[in-house]
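The values are calculated or read from the model by the stated rules, or taken from the named source; none is laboratory data. Quick caveat: nothing in here was measured; it's all calculated off a predicted structure. For neighbour counting, all protein chains shown are included, and Cβ atoms are generated from backbone atoms with ideal geometry for every residue, glycine included.
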Ligand SMILES: Cc1cc2nc3c(=O)[nH]c(=O)nc-3n(C[C@H](O)[C@H](O)[C@H](O)COP(=O)(O)O)c2cc1C
Ligand code: SF4
Ligand code: FES
């Protein structure tokens, strides 16, 4: 659209023709009040707060629906307009309960702010107000009708935004009311987006309501620990005797890749952190075979000495290490460095949920074709192969829907299920579960690869005609499958790729080399590499055992020690406890998981919300993790690794290059770690001037990662300022197409599950239970 | 669609619905007439009615309820066999509409939006029904009765009672 | 069966076939029915619109927008189908004219729709009847079947190459649905919430296609214009207000009824001569000239011609032609309350000023009429009404506010009489006369 020039309050403004006046004004710093207007959702012109005067137009106009055109003249601020807005507020307050003192939204309420601004303080209203009881619509959604101002944001957010359509408007006139789809309750995805969109306290969150007030919390913007999309979530924490407890997760900070969006897990499933079964004392298995609580000193001493002895007598190759896909990049890097340079083993692995190795290998020389999640919101066309983003990548699904709705992006779906996103699809290619490879061959032009119906052929033509296609694929594709897929895609002009893995840092675990055969940055062990000089002589040159081989070895009595950090392989891989009778097992975790139960030493660990660092989502977007919560007794995996190494007699300074930087700045310099974005500290760490006084400071190792890990040197300032930066595994040195086991085991999580950790979320439980309850009585009658 | 679906409506009505949805450029346009006809046959818009109509129009039941609750003639609870709707809007009010309404209350022994125990009559005060020049006026179900006095109103009620 | 009346001053066009059995197509034809449609086919789109403009016909739904001009706004080219929509929602209190047309002359509506369709190049028309008019739906459906049987509707209408179809449709009780954009929503099977404009229906209307929406009386008038000629028709009325319209006399008059009178007919004459004056020797207190939405006129203000411009000059509106007469026994506070009760009940609830304003005003007026008022209420009522004016999503808010402001302005004394715990001082007087009336 060509730019037009128009006048607002005497100022000449320019904007593309057709821009909504309310947006044009915001861009120019002219604030126009609004209740019903919500960017990206359909227009309502219902609240009448945005009324402005347009020259030569008899009635006041709504800025939220007025499109700017050349030469228009507007007044947005005058006694007439102020009075109009004041009156509207007065009318609203007439029937409003004015229970701000107990309202969850108090302090975060747009109605409160407006009342303050337009001073509709004294009420002309003398009629009795009708009270109505608050209703619970679902485990997480409560509705307080008298507070509702009928802006219809929730209705649109649920319908247009989420494509769930679980909210409606019923009755008319003053009896109008927001209604849930099952008369007295909701049957929906429980995303809580309606609550976030609600400008007042009409919709409130089951996990937060009446707990505290906004100003009593410390708000920390960090990254969700659940799926591989990496939404930014703002955690509201308040101090309790045991440290700092998370009381709320929401979206105050809309600066993340997820913008407005959070799914049920990002918004509510932080509660595992407050679970009563959290371990806060180290456990040591006594001679009687029972766990006893011991001091940190004792536990670490015992661990260090045993590992040292085993290494020295049986060799590093008799030790196995299993890492996590929810720990930070720094922790993962440190863990493999510890394994390789201190334990002297390449027996290191993690639960792999996607074959990033084959992906990175296939993309060699084309790293500019690796997509960021942000591409999903702007790509003119998207080809989705496999996966069900609505369940497994909610943010991706949101971005795709939004892109289709607002930019008319074309979505092409290839799937063996009728996934929900098919509703947004321009075309769909339904295939059988075992023909994903065939689908690629078919798209490549091989008619024998699939039943080549006319529709299928049209689908193929449409896809191949796309100029800037974004190709997103699930774990249905591995190894050769990925090679073929990328090959096909590289044939299309500027096609970009995204590989879907399941957890908050699955990608980071792979990038940081939690592999028996690959160092960080997918550098093969054995190949000439920069790590050799740095890691010292212990670094083994031959690939180690993968996760399954480790357990086989343990079964044969060939694995003397196993160090498990934030993982539960027992549950995942159904490992028998007996298999580890002759193995010294150390487990770092939040809970006594199946794996922890088999351990000799259990070390209570902090979770992602209780530490600082960075994580990388499945698209390669690296983000800063900030410490929000704190639980007395637990320690970060980073710290524990360093301490164990120290107990083994290793030099912490070799492991973590700390103690550099400008000591004069000690004061503020904890900022970046402790969460409140201390600008000065950000600047310091961005320029690496921040003194790393402690070996437990994860940022002390950032430089080494940047130096050694190909593609992991993002614009540091951006990263530290809390923005997502796209990493490019650019210098990947993998020798092409050496066959290897991908070992991928998809987690098959849904919107309402999240691996072992999800089992400790009361809220996810209650949601699952209420859904099961409903389906069962549905079945009953 | 009713062909493969077993309908709770009479064959005639079901057939009418099948045709109705084809009359308009959009299926959904048939919704409001359908609801009225269904209400006339079944007596009120029961959950079953809502479910079948939602299926016929291919929209959600929530959507159907949103619409029902907007229109004053549509009701999800049964009325009396004869629904007496007394207009008390300005033109009728000027000619005794209020008194007529009071009279009906005492005559039927029920209040506004109530139904007689025998289920014969229900009473409702309504807005202008388009009989202003023949006020005061009353609608019993869909039939107009105009230029009424308390006396003539009694005759009307008796006529229905003995119908 | 709605009663018919007549008066020598009437000029019968629209009502010319009332009571003559014109519901049957044969009778309609014998009373030169469907001749205009044939003429219109000859004339073609341009010709039709030109004739409509000459006729000076202005919309009978309330706004009084020149019909010919409205039709000319429809773009010639359109990739979406165009539609004609007849507004038969007739719900404005005091208005009961469209009902007569559907009941006594349904074919005139059909013929009007066909001509409108020819004018804009539409192939389909809808006739929307308010839900309460169910008995008229049957009449309408029968008339349509007859027209189809005669080949006046369907393919090759009147032997031409043109196709035209009409569907009659029923609402389910909602005044707001009479507002043209809400009407379209309702016809699309949705809640009767108005649409954001622009775009206007003439450009983006029903199902996204260009649409003209006209009141039933407007449409029923069209065939008569082509029967007698636009210029002839224009002569009947006053300047810029062509022809006749159906006036619905109601309230405290001796001979209430629907009379077809020339535009510009004197209001005082209408009440005292056509309507036979105020019964039982009571005095005239006020007149609501064009349906409940129009500001009240005092006896001193009614010596005016009933056309859009003159009534406008007098500070009110011609509106929908519903002339409601109030005698000196009427309590204006109660009348204002009843009026507001209606708008509170009919507000769609979409926007804040209308939804909250009508409810607040209703509550205040209720308390006030019952004797619970205080001085400040009177100004408050006016303040609220004035702050609804011009700020709501659709004109319903204005329709509720305008008369209210009028009542307070012109009858402030009566409001004051209600103050300080006094219940309505007019009530008992009212009771007496009502007993007398019954
Ligand atoms: C609240 C409201 C109710 C209305 N009700 C009716 C109605 O019942 N019938 C009608 O013809 N027009 C009604 N109108 C006017 C219509 O919006 C529209 O102007 C009219 O149908 C156009 O037809 P006309 O140009 O022939 O008058 C109403 C307008 C408003 C704002
Ligand atoms: S509940 Fe909140 S979001 Fe929904 S309409 Fe009411 S105020 Fe708006
Ligand atoms: S923001 Fe424009 S009307 Fe609500």
Apart from one, (1) surrounded by fewer than 21 Cβ atoms within 10 Å (Cβ to Cβ); (2) over 18 Å from the mean Cα position of the chain (by Cα); (3) assigned to a helix (DSSP H, G or I) all hold for residue C:277; the odd one out is (3)
In the stretch A:162-187, residues that are more than 14 Å from chain C (Cβ to nearest Cβ), at negative phi and either within 16 Å of ligand 1 (Cβ to nearest atom) or surrounded by fewer than 24 Cβ atoms within 10 Å (Cβ to Cβ) (or both) total 9
Given the structure, is residue B:96 at the interface with chain C (Cβ under 7 Å from one of its Cβ atoms), more than 19 Å from the chain's Cα centre (by Cα) and either on the phi > 0 side of the Ramachandran plot or without any contact (Cβ under 8 Å) to a residue 12 or more places away in the chain (or both)?
yes
Counting only strands (runs of 3 or more DSSP E) entirely within the stretch A:187-294, those with at least 1 residues that are without any contact (Cβ under 8 Å) to a residue 60 or more places away in the chain and more than 24 Å from the chain's Cα centre (by Cα) are A:232-240, A:291-293
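To keep it simple, each residue is scored yes or no on (1) within 18 Å of residue C:2 (Cα to Cα); (2) part of a loop (DSSP other than H, G, I, E, B); (3) more than 9 Å from chain C (Cβ to nearest Cβ).
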position	(1), (2), (3)
B:111	no, yes, yes
B:125	no, no, yes
B:151	no, no, no
B:159	no, no, yes
Applying the selection to the stretch A:115-150, what residues are within 13 Å of chain C (Cβ to nearest Cβ), away from ligand 3 (no atom under 16 Å from the Cβ) and within 36 Å of the chain's Cα centre (by Cα)?
A:146
Among (1) within 14 Å of chain C (Cβ to nearest Cβ); (2) without any contact (Cβ under 8 Å) to a residue 24 or more places away in the chain; (3) surrounded by fewer than 21 Cβ atoms within 10 Å (Cβ to Cβ); (4) touching a strand residue (DSSP E or B) at 6+ places or on another chain (Cβ under 9 Å), residue B:83 falls short only on (2)
Residue, nearest to the chain's Cα centre (by Cα), within the stretch C:206-245, restricted to residues that are within 12 Å of chain B (Cβ to nearest Cβ) and buried (at least 24 other Cβ atoms within 10 Å of the Cβ):
C:216
Any residue in the stretch C:173-190 that is closer than 19 Å to residue B:128 by Cβ sitting within a Cβ distance under 6 Å of a residue that is within 16 Å of ligand 3 (Cβ to nearest atom) and assigned to a loop (DSSP other than H, G, I, E, B)? List the pairs, counting only those 6 or more apart or interchain.
C:176/C:348; C:179/C:194; C:179/C:394; C:182/C:194
Matching entry among C:215, C:165, C:156 (being away from ligand 3 (no atom under 16 Å from the Cβ) and on the phi > 0 side of the Ramachandran plot):
C:156
Mind checking which helices (runs of 4 or more DSSP H) fall wholly inside the stretch A:417-496 and carry at least 1 residues that are within 27 Å of the chain's Cα centre (by Cα)?
A:479-490
Report whether or not residue A:757 is part of a loop (DSSP other than H, G, I, E, B), modelled with pLDDT of 90 or more and surrounded by 20 or more Cβ atoms within 10 Å (Cβ to Cβ).
no
Given the conditions (1) more than 16 Å from ligand 3 (Cβ to nearest atom); (2) within 28 Å of the chain's Cα centre (by Cα); (3) under 24 Å from residue A:173 (Cα atoms), every one holds for residue C:369 apart from (2)
Which is away from ligand 3 (no atom under 13 Å from the Cβ) and either under 16 Å from residue C:353 (Cβ atoms) or modelled with pLDDT of 95 or more (or both), of A:24, A:45, A:63?
A:24
Selected residue (criterion: nearest to residue C:113 (Cα to Cα)) from residues of the stretch C:139-171 that are away from chain B (no Cβ under 13 Å) and either part of a strand (DSSP E or B) or under 26 Å from the mean Cα position of the chain (by Cα) (or both)
C:164
Which of the helices (runs of 4 or more DSSP H) found entirely inside the stretch C:35-116 contain at least 3 residues meeting this: more than 14 Å from every other protein chain (Cβ to nearest Cβ), within 20 Å of the chain's Cα centre (by Cα) and in contact (Cβ under 8 Å) with a residue 60 or more places away in the chain?
C:67-72
Selection from the stretch A:144-168 of residues assigned to a helix (DSSP H, G or I) and within 11 Å of ligand 2 (Cβ to nearest atom) yields A:145, A:146, A:147, A:153, A:154, A:155, A:156, A:157, A:158
Going through the stretch C:362-393 in order, the residues found to be within 9 Å of chain A (Cβ to nearest Cβ), buried (at least 19 other Cβ atoms within 10 Å of the Cβ) and in contact (Cβ under 8 Å) with a residue 40 or more places away in the chain are C:392, C:393
Pairs returned, first residue in the stretch A:554-580 that is under 22 Å from residue A:748 (Cα atoms), second residue that is in a loop (DSSP other than H, G, I, E, B) and at pLDDT below 90, beta-carbon separation under 7 angstrom, 6 or more apart or interchain, are A:569/A:575
Return the total of residues in the stretch A:151-170 being within 16 Å of ligand 3 (Cβ to nearest atom) and more than 20 Å from residue A:39 (Cα to Cα).
1
Looking at the stretch A:676-726, what helices (runs of 4 or more DSSP H) fall wholly within it and have at least 1 residues that are modelled with pLDDT under 70?
A:679-686
Looking only at residues in the stretch C:347-361 that are in a helix (DSSP H, G or I) and either under 14 Å from residue C:393 (Cα atoms) or more than 7 Å from every other protein chain (Cβ to nearest Cβ) (or both), which one is nearest to ligand 3 (Cβ to nearest atom)?
C:352
